[in-house]
Structures are given as C-alpha cells and as structure tokens.
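Take a look at the structure set out below.
The values are calculated or read from the model by the stated rules, or taken from the named source; none is laboratory data. In this text, all values refer to a predicted model and were calculated from it rather than measured experimentally. Reconstructed Cβ throughout: ideal geometry from the backbone, glycine too, with neighbour counts over all protein chains shown.
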Amino acid sequence: MIRSLVIQGFKRFAHQAFEFAPLTILAGLNGSGKTSLIHVLLIACEAARKPSETSVRLNGPSGLELGSAGDVQNWNADDEITCDIRHGSGLRATWRFAVPANAGESFYLEVMERPEDLPFAFSSRPRSFTYLCAERLGPRSVLGVSALPARALEIGAQGEYCAQIISEFGDRRIEDEDKLHPDHEPGTSPLLKYELERWLKDIVRPIEIDTEPHPGTLVTALRFRAPGGEWVRAPNMGFGVSYSLPIVLAGLVAAPGGLLLVENPEAHLHPAGQSRMGVFLAWLASRGVQVILETHSDHIVNGVRRAIGEYGYLEPTQAKVLFFDADPDDNPEVTALDFTSTGGISDWPRGFFDQYQIDVAALGRVRRRV
C-alpha cells in the first residue's frame, strides 16, 4: 500500500508531501492540484512498467494529454521532477525525471532514476494498478476488445474493455471471495457477474447484464435488462449504468493489494446512487484494494461516512481526506482530515463541502428581508 508521497517540481507542487490511507479522498477547489497528484502516479507507473525506456511520454499512456515538459515543470523548481513513495513496511520508491533543455518542445521526461523496491501497484501484475478517468465512455452498444490474453486484461482508463472482461470472467467464480457482496447469501452462486449486478442494484437500479463477443471483430456487444424484462442496448439504459459499471467491475477484479484510482465516481449518478458508490468504495478499501478517489460530491463523502459509522465496513483510521486549497498567493495548501468512529470528520475547513449551508443561509437572509 502507498503510505506517503512527496512530489517535487511537478505542476503546482514545488515540494508537497501527502499521507495516504487504504481509502484516500481527494477533494477541494478546481485547479488546486488534485489532478496533478493523480498525474504523478500515472507517470511513475508508466516508467515503472517500461524499465528499458529512458524516457516517459506525457501524452498517450492512460489517456494523458499533459503537453510538453515545460507544461508540467513547476515554475519555482529546477529542471528535475521527483516522485518519492513510501510503501509496505517502510520501503521507499523514488523516481527522478529530468526536464529536457528544450522543455517547450519535448513531450516527454527523461528517466534519471527508478526504484528497485516497487510498490505492488506499480508491478507488472495484471489489474494491480487501475485508473479510471473522469471521461469514461458513455452508453455504447459495443465496446472495444484488447489484444491482450484474458489473464492480462485491464479495464482501460475509460472503461473501454468492460464488456470483454465481463465476457471472459463473468461466468466464473469471483477470484477473491473476500469481495463477495456483504448481503451475499451462503449457498448462492458467487459468479463475478452476479456480484457485479448486486452492487449495481444498490447503486443504480436492479439490472441484469449480458455480453456477446463478435468473432473476427474487435468489439463485444453489451446489453442490459430489468429482471424479467426485455434486453435493451446500453444507449437505452442511460449514463448512470455505463459510468458506474467500470468502477464496480474494476474493484471486483482488482488484484489483492492493488490500487484503484478513480476520478469523479459520482458522474451521472442520482444523489442516492452517489452515496451508495461511496459505500462501495469504502467497502472495497476494507477488502484489500487501496482506493484513491477524486470527487466534488458531498454525497460520495457521506457514503464513506456511513460505511464507517453505520455499516462498520471500514475503520476510521483506514480513511482520510486530502483537502486541496490555496493561500492568498495561490500557493497550494493541502489539509489532511480524519474520520471519527461515528462517521464524523475531524475538521471542516472553509470550502470543504459547505456550499449547501452557505446557500441555505443566503436564502434564509432573503426570507428575513421579505
């Protein structure tokens, strides 16, 4: 598990340290550095998985579009970018990247140092590091097919290989029985597809899933139905299912000890579904998969709070919020917030999901003037 991260010289961060838990929530204002943290992890993972390469691309892997080395270089730092991770039982993994002299025209970083003791998530183990970006694929009648063998399949940064993974593994027993749904009834079939459907029922609506490979093509069809209803293509089921399915599937097939990195898990979900998505991600973190999620949804956070205080899925010490803000000079400020045993939060800084109270107070003042 990643326990801490120090970033130097990258985008908003001249030097910034972060502490992580099994579940870490990245929250805060737009443009405050949450995505910069995610990008550092993606670049380090790409460099770790291609040890023979002397450079790492800033555009392409995991859907990255970071531009040139000059675009990612912190304006107060020198020509070096460092990512230092503490993991496991005190192990340290350090990546050092050099910014090329022609930084504005170079769309890569030069790799100066790679760690010998890699965190498990950065190994070559399939599904040990899963990243789902904010721009996941919407409803599609068919999804793409990866050229990798089944054992090495990944979800894809946009969830583009979900149908193929369900087709390959859906009718098999879930590999890690620690990931059986909390309401799984003993004696019922522990197939991956059924566990996926159980969670989607909680988050979106009762639903059944079917896939159909098209031999000789690079696509797999995906369709849904309400129990006992007619099968319909994904575009007739809506965005909520298509956006949440990759997250749940990625969590259920993640390697034990792996990392799931998710942007905006609340996208296209009803507030009740957002809360249940928070519950799912907290539950997943208790099952041995480290979860780092970036969110602008108080419903996601409240779902995590319920998972801790109401359901007891996760110990309060196993979750943390990193709240990103800026000082008056626009320098980044990151505050770590802890959870209590009843699902409370240790501190509530200004700007941390307080807009509801601000708006209600403003409306109250309007009513008093009438």
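Filter segment 184-197 down to residues that are closer than 22 Å to Ser286 by Cβ and modelled with pLDDT under 90 and give me whichever is surrounded by the fewest Cβ atoms within 10 Å (Cβ to Cβ).
Per the stated criteria, the residue is Pro186.
Restricting attention to segment 349-368, and to residues there that are closer than 28 Å to Thr335 by Cβ and among the charged types (D, E, K, R), which single residue is farthest from the chain's Cα centre (by Cα)?
The qualifying residue farthest from the chain's Cα centre (by Cα) is Asp359.
From the list Arg205, Arg223, Arg198, which residue is more than 30 Å from Ser36 (Cα to Cα) and in contact with an Asp or Glu (Cβ under 6 Å, 6 or more places away or on another chain)?
Numbers: Arg205 fails: in contact with an Asp or Glu (Cβ under 6 Å, 6 or more places away or on another chain); Arg198 fails: in contact with an Asp or Glu (Cβ under 6 Å, 6 or more places away or on another chain).
Going through Arg205, Arg223, Arg198 in turn, just one is more than 30 Å from Ser36 (Cα to Cα) and in contact with an Asp or Glu (Cβ under 6 Å, 6 or more places away or on another chain): Arg223.
Among the residues of segment 42-69, write down those that are among the hydrophobic types (A, V, I, L, M, F, W, C) and more than 14 Å from Ala121 (Cα to Cα). Let's see the steps before the verdict.
Here is the first cut: in segment 42-69, the ones among the hydrophobic types (A, V, I, L, M, F, W, C) are 42-45, 47-48, 56, 58, 64, 66, 69.
Those that are among the hydrophobic types (A, V, I, L, M, F, W, C) and more than 14 Å from Ala121 (Cα to Cα): Val56, Leu58, Leu64, Leu66, Ala69.
Within segment 139-156, which residues are among the aliphatic types (A, V, I, L, M) and out of contact with any Pro (no Cβ under 9 Å at 6 or more places or on another chain)?
Of everything in segment 139-156, those that are among the aliphatic types (A, V, I, L, M) and out of contact with any Pro (no Cβ under 9 Å at 6 or more places or on another chain) turn out to be Val142, Leu143, Ala147, Ala150.
Name the single residue that is surrounded by the most Cβ atoms within 10 Å (Cβ to Cβ) among those in segment 241-276 being among the hydroxyl-bearing types (Ser, Thr, Tyr) and touching a helix residue (DSSP H, G or I) at 6+ places or on another chain (Cβ under 9 Å). Even if it seems obvious, please write down each step before you answer.
Our first condition is that a residue be among the hydroxyl-bearing types (Ser, Thr, Tyr); within segment 241-276, this holds for 242-244, 275.
Subset that is touching a helix residue (DSSP H, G or I) at 6+ places or on another chain (Cβ under 9 Å): 242, 244, 275.
Values: Ser242: 24, Ser244: 26, Ser275: 24.
Step by step, filter segment 241-276, then rank; the result is Ser244.
Restricting to segment 51-60, count the residues that are farther than 22 Å from Ala101 by Cβ and within 22 Å of the chain's Cα centre (by Cα). Write out each step before concluding.
First pass over segment 51-60, keeping only residues farther than 22 Å from Ala101 by Cβ: 51-52, 60.
Pick out the ones that are also within 22 Å of the chain's Cα centre (by Cα) and you get 60.
Residues in segment 51-60 being farther than 22 Å from Ala101 by Cβ and within 22 Å of the chain's Cα centre (by Cα): 1 in total.
Can you tell me which residues in segment 127-181 are aliphatic (A, V, I, L, M) and free of Cβ contacts under 8 Å to residues at least 40 places away in the same chain? If you could, list the steps in order and put the result at the bottom.
Within segment 127-181, the first condition is being aliphatic (A, V, I, L, M), and the residues that meet it are 132, 134, 137, 142-143, 145, 147-148, 150, 152-153, 155, 157, 163, 165-166, 174, 180.
Result: Ala147, Leu148, Ala150, Ala152, Leu153, Leu180.
On the given criteria, is Tyr131 farther than 30 Å from Ser244 by Cβ and in contact with a strand residue (DSSP E or B) (Cβ under 9 Å, 6 or more places away or on another chain)? Steps first, please.
Working: farther than 30 Å from Ser244 by Cβ: no; in contact with a strand residue (DSSP E or B) (Cβ under 9 Å, 6 or more places away or on another chain): yes.
Against the criterion (farther than 30 Å from Ser244 by Cβ and in contact with a strand residue (DSSP E or B) (Cβ under 9 Å, 6 or more places away or on another chain)), Tyr131 does not qualify.
Looking for whichever is of a type in the set (Asp, Glu), farther than 30 Å from Phe120 by Cβ and touching a Ser or Thr at 6+ places or on another chain (Cβ under 8 Å) here; the options are Asp347, Asp359, Asp298, Asp329. Which one fits? Show your work before the answer.
Numbers: Asp359 fails: touching a Ser or Thr at 6+ places or on another chain (Cβ under 8 Å); Asp298 fails: touching a Ser or Thr at 6+ places or on another chain (Cβ under 8 Å); Asp329 fails: touching a Ser or Thr at 6+ places or on another chain (Cβ under 8 Å).
Being of a type in the set (Asp, Glu), farther than 30 Å from Phe120 by Cβ and touching a Ser or Thr at 6+ places or on another chain (Cβ under 8 Å) holds for just one of Asp347, Asp359, Asp298, Asp329, which is Asp347.
Return yes or no: is Gly63 in the same structural domain as Phe120 (by TED's automatic domain parsing), within 16 Å of the chain's Cα centre (by Cα), on the phi > 0 side of the Ramachandran plot and surrounded by fewer than 18 Cβ atoms within 10 Å (Cβ to Cβ)?
On the way: in the same structural domain as Phe120 (by TED's automatic domain parsing): yes; within 16 Å of the chain's Cα centre (by Cα): yes; on the phi > 0 side of the Ramachandran plot: yes; surrounded by fewer than 18 Cβ atoms within 10 Å (Cβ to Cβ): yes.
Here the answer is yes, as Gly63 does meet what is asked.
Name the residue that is nearest to Arg198 (Cα to Cα), counting only residues in segment 277-321 that are out of contact with any Gly (no Cβ under 7 Å at 6 or more places or on another chain) and of a type in the set (Lys, Arg).
It comes out as Arg287.
For segment 166-181, name all the residues that are under 17 Å from Glu208 (Cβ atoms) and in a helix (DSSP H, G or I).
Ile166, Ser167, Phe169
Return the residues of segment 202-221 that are free of Cβ contacts under 8 Å to residues at least 60 places away in the same chain and assigned to a loop (DSSP other than H, G, I, E, B); say none if nothing qualifies.
Arg205, Pro206, Ile207, Pro215, Gly216
Pairs needed: first member in segment 16-40, among the aliphatic types (A, V, I, L, M); second member anywhere, in a loop (DSSP other than H, G, I, E, B); C-beta distance under 7 Å; at least 6 residues apart or different chains.
Leu23/Leu314; Ile25/Thr295; Ala27/Thr295; Ala27/Phe352; Leu29/Gly351
Only one of Gly9, Gly31 is assigned by TED's automatic domain parsing to the domain that holds Asp84 and part of a loop (DSSP other than H, G, I, E, B); which? Quick ask: steps written out before the conclusion?
Numbers: Gly9 fails: part of a loop (DSSP other than H, G, I, E, B).
Just a single option satisfies the conditions, and that option is Gly31.
Applying the selection to segment 54-104, what residues are closer than 28 Å to Pro22 by Cα, charged (D, E, K, R) and touching a residue at least 40 places away in the same chain (Cβ under 8 Å)?
Residues satisfying the conditions are Asp84, Arg86.
Would you mention how many residues in segment 80-139 are farther than 30 Å from Tyr161 by Cα and aromatic (Phe, Trp, Tyr)?
Residues meeting the conditions: 1.
Being touching a Leu at 6+ places or on another chain (Cβ under 7 Å) and not hydroxyl-bearing (Ser, Thr, Tyr) is the filter here; which residues of segment 205-240 pass it? Walk me through how you get there before you give the answer.
Initially, segment 205-240 is screened for residues touching a Leu at 6+ places or on another chain (Cβ under 7 Å), giving 207, 209, 211, 219-220, 222, 234, 240.
Once the filter is applied, which keeps residues that are touching a Leu at 6+ places or on another chain (Cβ under 7 Å) and not hydroxyl-bearing (Ser, Thr, Tyr), segment 205-240 yields Ile207, Ile209, Val219, Leu222, Ala234, Gly240.
Look through segment 337-348, keep the residues that are out of contact with any strand residue (DSSP E or B) (no Cβ under 6 Å at 6 or more places or on another chain) and not charged (D, E, K, R), and return whichever of them is nearest to Phe20 (Cα to Cα).
As a first pass, look at segment 337-348 and keep what is out of contact with any strand residue (DSSP E or B) (no Cβ under 6 Å at 6 or more places or on another chain): 338, 340-344, 348.
From what is left, the residues that are not charged (D, E, K, R) are 340-344, 348.
Numbers: Thr340: 16, Ser341: 18, Thr342: 21, Gly343: 18, Gly344: 18, Trp348: 19 Å.
Checking each candidate, the answer is Thr340.
Take Ile38 and decide whether it is under 19 Å from the mean Cα position of the chain (by Cα) and not in a strand (DSSP E or B). Before the answer, list the steps.
Values: under 19 Å from the mean Cα position of the chain (by Cα): yes; not in a strand (DSSP E or B): yes.
Taking the combined requirement at face value, the residue satisfies it.
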